[in-house]
1. Please go through the range 224-257 and pick out each residue that is within 14 Å of Tyr204 (Cβ to Cβ) and not aliphatic (A, V, I, L, M).
2. Need at least 1 residues that are within 18 Å of Thr333 (Cα to Cα) per element, so show me which strands (runs of 3 or more DSSP E) inside the range 216-280 make the cut, counting only ones lying wholly within it.
3. Does Ser97 fit the bill of being of a type outside the set (Phe, Trp, Tyr) and either closer than 21 Å to Gly200 by Cβ or surrounded by fewer than 14 Cβ atoms within 10 Å (Cβ to Cβ) (or both)?
4. Is it fair to say Lys266 is among the charged types (D, E, K, R), open to solvent by 20 Å² or more (accessible area, probe 1.4 Å) and within 22 Å of the chain's Cα centre (by Cα)?
5. Let me spell it out: the conditions are (1) farther than 22 Å from Arg338 by Cβ; (2) open to solvent by less than 30 Å² (accessible area, probe 1.4 Å), and Ala261 meets all of them except one. Which number is the exception?
6. Would you check which residues across the range 231-247 are over 14 Å from Ser313 (Cα atoms), surrounded by fewer than 21 Cβ atoms within 10 Å (Cβ to Cβ) and of a type outside the set (A, V, I, L, M, F, W, C) and list them?
7. If I filter the range 100-122 down to residues being part of a strand (DSSP E or B) and over 12 Å from Phe142 (Cα atoms), which single residue comes out as least open to solvent (accessible area, probe 1.4 Å)?
8. How many of the residues making up the range 175-187 are surrounded by 15 or more Cβ atoms within 10 Å (Cβ to Cβ), touching a residue at least 40 places away in the same chain (Cβ under 8 Å), farther than 30 Å from Leu344 by Cβ and out of contact with any Ser or Thr (no Cβ under 6 Å at 6 or more places or on another chain)?
Amino acid sequence: MNAVTPKLSISYDTGDVAYDPVEQEFTLSTEVLTSGFEVALEVTDADQATNVYLLSARLLGTRPSVVGSIANLKLGKGGRTAVATAPVFSGRDLTYSLVAAPVGVSIDAATGLVTIVATAELSAAPITVKARNAAGAATLTFSLTVVGVIATDFTSATALSDVSFLRTLAPSWTHDAGGFARLVLTGNSRAHGDWVKAAGDGLYRVLARWSGATLTPSVDRRFCFSARVGRIGNDWTGIRVETFATTAGDRRLHIREYSGASGATKSLATVNVGWDYDTWYWLDVEISGTSVKGRLYPENGAAPGWQAVATTSVTAAGAFGPGGFPALEQSPTIDIKRLEYHPLAA
């Protein structure tokens, strides 16, 4: 009978290898398996002839899997954002690609970072990302909605139904043939608008003018846009960004928040902006988490930088819309041409 004497050796660059002489087994560490190794099998036959057989091997790794999720996105047209997809996949040596995506979406193959430029309006367009390595692939899908400007133009009386009011006494809310809505508060009852098209955090714009030059100076708050407003009994919560006139004649923009106890408020920011009565202005208000920003500028003027900036403790959901409140049974007349909502660019 012929006989052979095998001799096995393993070569590797990193990691650990252990040999059990009883079981005649090698144990290779993960580092060896993933970085690669070479097996040399030396066989000597009965004639003392020796042959060496070489085998190179590397563990392909574990097939990728999805271990997280990505929330569906909503952007305003023209918005930009980036989404890190790598954290939602497990696996080693991954590369990334887009299986499905609308125009304006791209991905970094090495990092999985998805860049989105919202170039056109979309409704829940799928974005499917694939993560792949030598062992296989996994995919994850989330959606992108892109909206244009959401708006109410008060060119007709039917638009009045887009806004209701949180109030004690109902205000006068009418349409003027000049193509705008007119709000006049009742008695000493404040009223905060609840716009049906509001969509939570975002950029709100309202084109308005207000009277008040002949009012008693203590009637200092003329017009406001309010956010996250709630009311239980006589207790109010929410944020107000308002035009404000002092007894000294200063014309300011003011950010306040309700404390939740009756109508008590806390001042967060105030700045002189020099507005005029009976003049059309855009009031822009941006609400994002605890951040509140406001700016006021003429109807045909360029938008300035944010004039009033504050941090709020009011984060609960509530109503968004225009409003105001009178004092001493006196109310300014507030005219409103247009309301807009723009989603925040994430």
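The values are calculated or read from the model by the stated rules, or taken from the named source; none is laboratory data. Model, not experiment: these values are computed from the prediction. No Cβ is skipped: glycine too gets one built from the backbone with ideal geometry, and neighbour counts run over all protein chains shown. For the accessible areas, the whole protein counts, side chains as well, though only heavy atoms, and no ligand, DNA or RNA atoms are used. Shrake-Rupley method; radii C 1.70, N 1.55, O 1.52, S 1.80 Å.
1. Cys224, Phe225, Ser226, Arg228, Gly238, Arg240, Glu242
2. The qualifying strands (runs of 3 or more DSSP E) are 221-232, 235-245, 251-259.
3. The answer is no for Ser97.
4. no
5. Among (1) farther than 22 Å from Arg338 by Cβ; (2) open to solvent by less than 30 Å² (accessible area, probe 1.4 Å), Ala261 violates only (2).
6. Arg231, Gly233, Asn234, Asp235, Thr246, Thr247
7. Ile116
8. 1
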